[in-house]
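Each reported figure results from applying straightforward, stated rules to the coordinates on display, with no laboratory input. The shown structure was predicted, so the numbers you read here are calculated from the model rather than taken from an experiment. Cβ coordinates were reconstructed from backbone atoms using ideal geometry, including for glycine residues, and neighbour counts include every protein chain displayed.
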């Protein structure tokens, strides 16, 4: 997917100053960057509009486990890195769910939309499902550009497809996606996250179906 240019305000110097405030004061990033009593706008991401679709459905079921993630991503805050070694959160926005839960929800929705499985869920219908999708989320952030008025959205997820009856790993692969955003305004960044995430989800769904030899219509 060609990165999409999007348009604004939270400059790199401002982000660096906020991080410095956190370090010097010992206060949490959450309280400094958002204000303890300031309500934040909540944002959600969407599943791909045109996911890979199976030519026919099957009786198989797949369980999408909650992704593991480092501490900086185990939150509903939107992560932005002013510097590779610094982590901060957007001051006026948050995800509607904690990041790992949101990604799990979107993976379930994307695989459901493929019409390849009788059941897709967070837990098996019975004692176990036929397959489990086990994932590690390592990157899900905006990275401020050197000029301070742009950003790169960077996502990385490692997936393993496991057969439940014998715990055999059928396949493993790392997926990445990115989008260039010509603004550091919160809404522009969220739109960039949505573009990159839709690409990531489509790639993962195509890989799952291909690993299970499920033919798709496109």
Matching residues in region 47-63 (under 15 Å from residue 202 (Cα atoms) and surrounded by 12 or more Cβ atoms within 10 Å (Cβ to Cβ)) number 6
For region 178-218, enumerate the residues that are in contact with a helix residue (DSSP H, G or I) (Cβ under 9 Å, 6 or more places away or on another chain) and farther than 28 Å from residue 76 by Cβ.
209, 214, 215, 216
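Can you tell me how many residues in region 70-99 are in a loop (DSSP other than H, G, I, E, B) and surrounded by 21 or more Cβ atoms within 10 Å (Cβ to Cβ)? Give the derivation first.
Of the residues in region 70-99, the ones in a loop (DSSP other than H, G, I, E, B) are 70, 74-76, 82-87, 96-98.
Keeping just the survivors that are surrounded by 21 or more Cβ atoms within 10 Å (Cβ to Cβ) gives 82.
Adding up the residues that qualify gives 1.
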